[in-house]
Amino acid sequence: MRIGIEAQRLFRRNKHGMDMVVLELINNLKIIDPINEYFIFVKPDEDRCITSGKNFKVIELKGGPYPLWEQIALPVAAAKYKCDILHCTSNTAPLISKMPVIITLHDIIYLESLNIINNKGSAYQRFGNLYRRLIVPSAVRHSRKVITVSDFERKRINGVMNIGDKLTFIYNGVGEHFRIIKDSDLLERSRVKYNLPEKFFFFLGNTDPKKNTPNVLKAFADFTRDENEEFFLVMPDFEESYLNQILKEIGSPELRKKIKLTGYIPNKELPHIINLCTAFLYPSLRESFGIPILEGMACGAPVITSNTSSMPEVAGDAAILVNPNNFADIKQAMYSIVHDISQRNIIIEKGVQRASTFSWNEMATSYLSLYNDVYNSLQDD
């Protein structure tokens, strides 16, 4: 087979969820599949994190803004390289393609009438939601297969689009570098590098409204008022101005002195920070999977996450599940982690075991099987 993989944002320096998923997919396909030919279509940028190999060719396409890149440059390039299948990995796809398209549809949050996306978020996020609203329904109808990342999201997508057997789910994995680190010198160097306090909660949020930052800050404010020991909240990749705006809105501007903003932390260094934290906070309003839940667990951090959407499916009984809309519930979970040592140890032990059941290699193997199924079906047509 000649398989095209869309990885438009893979070379950008500050990678996030979907970027890491396609990077892990490609790296693991390199390990398990020496036979088929792969053509990886990316947009030029600073971080050339993958290179061409024996049966993998990395193709940099300029093509302008993302909509033009995806709708024009990508299908033209895939046809030029005579791809049998084009796998689009980031929710959208070209509306016209000469070869069958497989779409990884991570979520359909942008199609839902939820307060967390209505007129909130950055201008970039709002434009992205609008583009997906316009493109996704038609792209899904024209695709050969649609893959999502959890059974929850599969049911959600079918409830909205009713695409039946065309849709299935393949779980994400967790990187092997997310693990318990026993090298105290390495951890101390990271503590110094990021100016981390002795005791802190780690909140891997961002400006996306679904990350529930206001309720996390309200919970932390209440926790610090009731707690005798000094704890901090560490937040990577978060803007000072946006943080101050939220603190003003919740009436807790004084909380700023208890919050450490680290800037962007490269994925390879995240395990160091997670290993140092008191607890890992991930009480999102809505997730289709929630890879950071597994990353926290694998590093031996007790995880606090939500009892909504896909998060119970991923966490199982290995995290403290809270109502993300109730900041008092989040605060109580933080208090329990600090003061109930027995519960903390049980959550850590279960978390390490739970994370070990998710594998990027298994994800890549499932995708390879899917590619074969689609290719074989073409021969039967």
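The values are calculated or read from the model by the stated rules, or taken from the named source; none is laboratory data. Worth saying up front: this structure is predicted, and the values here are computed from it rather than measured. For neighbour counting, all protein chains shown are included, and Cβ atoms are generated from backbone atoms with ideal geometry for every residue, glycine included. Note: areas computed on protein heavy atoms with side chains; ligands, DNA, RNA excluded. Shrake-Rupley method; radii C 1.70, N 1.55, O 1.52, S 1.80 Å.
Some observations on this one:
- Gained length - ASN307 relative to HIS339, 0.36 nm times residue gap less alpha-carbon distance: 9.3 nm
- Candidate lysines for bridging to LYS80, where Cα separation is under 29 Å - those fewer than 8 sequence places away on the same chain excluded: LYS15, LYS30, LYS43, LYS54, LYS57, LYS62, LYS98, LYS145, LYS166
- Sequence-distant contacts, meaning Cα pairs under 8 Å at least 6 residues apart, place the relative contact order of the chain at 15 percent.
- Efficiency of FRET between SER241 and LEU130 - r from beta-carbon atoms, R0 22 angstrom, step 0.05: 0.35
- Charge context of LYS199, other residues only, Cβ under 9 angstrom, K/R +1, D/E -1: -3
- At R0 = 35 Å, FRET efficiency that the Cβ-Cβ distance of ARG191 and LYS57 yields, to 0.05: 0.25
- Surface composition of region 290-359: carbon and sulfur atoms hold 48% of the protein heavy-atom accessible area at a 1.4 Å probe.
- Positive contributions from Lys and Arg (+1) and negative ones from Asp and Glu (-1), summed over other residues with Cβ under 10 Å from the Cβ of TYR171, come out at -3.
- Over the residues of the chain, the helix contribution to mean residue ellipticity at 222 nm works out to -13000 deg cm²/dmol, using -39500 (n - 2.57) for each DSSP H run of at least 4.
- Within region 18-96, GluC sites (Glu not before Pro) in DSSP loop having at most 12 other beta-carbon neighbours inside 10 Å: GLU46
- Under 18 Å from LYS268, Cα to Cα: aspartates and glutamates that are on another chain or at least 8 residues apart: ASP19, GLU24, GLU46, ASP47, GLU176, ASP183, ASP185, GLU188, ASP237, GLU295
- Maximal additional length on extending the LYS199-ILE180 stretch stands at 5.1 nm, based on 0.36 nm per residue less the C-alpha distance.
- Cβ-based net charge around PHE152, under 12 Å, with every Lys or Arg adding one and every Asp or Glu removing one: -1
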